[in-house]
Amino acid sequence: RLRDSRPSQDARSDSDPTMALPREDGRSAEQMRPIFVKTGVISQAAGSAYVELDKTKVMCGVYGPRQGGPGTDKAEFDRGRLDVDVKLATFATSGARGKVAQGDAEREFSSMVHRALSGAVMTETFPKTAVDVFATVLEANGSELCATIAAASAALCEAGVAMRDLVSACTVTRNRRTGGADGADGGGADGGADGGADGPNALLLDPARGEEAAAEAGVTLAFMCRLGEASQVVATGTWDGDSLDDAVQLAASGCARVDAALREALRSSVPA
């Protein structure tokens, strides 16, 4: 369980050097991009949702439950099955990608979304059937995994699939501060105002694409806010225990903001 993850835009003091990091879109280090959520966007689906994190845009549809196909493992078949398929639209990014590499990336992406949702979806409530989650990343500008998990969670809820809790997700990256007005980060790789082995680094909440590309390390947390439980933590790069804990706690605060947006959208979709 994590510490209190209630949303706070300014959890750190103004003197914290991470707050001085200039970001490409003008945000402070702990500020998320605007989030927009709309449900009921695919009429043929049992449940659907559209999520925007500024220029990152994801559409998700949920279908079923349907009868499971042949060859399904009996233990899994008795509990029901959750299938997840994520596609990256060919126009989602500015750079061209080969079909083989894109397919590999999509399979890994789908697997991570599946793991994040599996801890919340109560598959025992639809035995001998399967629920299909199809998501498309329409535009990719950072935190695509988080937006996809959020969209899938809202779509599952709208479809009436039993869940222990909604699943929100947020990414935090560790980025090196570039030189600026504060000039304190001239102490070299191991120095600077922050001190410690990491030197002049900053934790950035909800990184955009360029910030993800420049990051030294990152962590993505999938979190069930009402239960206070993580369903998945994915870390890249090298972290020490204290800095990883700080990053996870910051990600949890972002998850709380995503959770609030999901619940508001779902409430708004219920007829008066």
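The values are calculated or read from the model by the stated rules, or taken from the named source; none is laboratory data. These figures come from a predicted structure and were not determined experimentally. A quick note on method: Cβ atoms are made from the backbone with ideal geometry, for glycine too, and the neighbour counts reach across all protein chains shown. Surface accessibility is based on the protein's heavy atoms, side chains included, excluding ligands, DNA and RNA. Shrake-Rupley method; radii C 1.70, N 1.55, O 1.52, S 1.80 Å.
Among the residues of the stretch 111-141 satisfying the criterion of being of a type in the set (D, E) and out of contact with any Phe, Trp or Tyr (no Cβ under 7 Å at 6 or more places or on another chain), which is surrounded by the fewest Cβ atoms within 10 Å (Cβ to Cβ)?
First pass over the stretch 111-141, keeping only residues of a type in the set (D, E): 124, 132, 139.
Now drop any that are not out of contact with any Phe, Trp or Tyr (no Cβ under 7 Å at 6 or more places or on another chain), which leaves 124, 139.
Numbers: E124: 10, E139: 17.
Selected residue: E124.
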Self-check item: Qualifying positions in the stretch 105-124 - part of a helix (DSSP H, G or I), more than 13 Å from A135 (Cβ to Cβ) and in contact (Cβ under 8 Å) with a residue 60 or more places away in the chain
Solution: R115, S118
Quiz item: When the stretch 25-63 is examined, which residues are found to be in a strand (DSSP E or B) and among the hydrophobic types (A, V, I, L, M, F, W, C)?
Solution: I35, F36, V37, A49, V51, L53, V58, M59, C60, V62
Quiz item: Mind checking which residues of the stretch 208-224 are open to solvent by less than 30 Å² (accessible area, probe 1.4 Å), over 12 Å from V248 (Cα atoms) and of a type outside the set (A, V, I, L, M)?
Solution: E211
Quiz item: Right, R66: modelled with pLDDT of 85 or more, open to solvent by 20 Å² or more (accessible area, probe 1.4 Å) and either part of a helix (DSSP H, G or I) or farther than 19 Å from A151 by Cα (or both) or not?
Solution: yes
Quiz item: Looking at (1) out of contact with any strand residue (DSSP E or B) (no Cβ under 7 Å at 6 or more places or on another chain); (2) at pLDDT 90 or above, which is the only condition G179 fails?
Solution: (2)
Exercise. State whether the residues of the stretch 216-235 include one that is out of contact with any Pro (no Cβ under 9 Å at 6 or more places or on another chain) and assigned to a helix (DSSP H, G or I).
Key: no
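Being part of a loop (DSSP other than H, G, I, E, B), surrounded by 13 or more Cβ atoms within 10 Å (Cβ to Cβ) and at pLDDT below 65 is the filter here, so list the residues in the stretch 69-100 that pass it.
Start the filter on the stretch 69-100 by keeping residues that are part of a loop (DSSP other than H, G, I, E, B), which leaves 69-73, 80, 89-98.
Cutting the leftovers down to surrounded by 13 or more Cβ atoms within 10 Å (Cβ to Cβ) gives us 72, 80, 89, 92-93, 97.
Scanning the stretch 69-100 gives T72, R97.
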Quiz item: So which residues in the stretch 1-53 are small (G, A, S), modelled with pLDDT under 50 and under 17 Å from A251 (Cβ atoms), if there are any at all?
Solution: S5, S8, A11
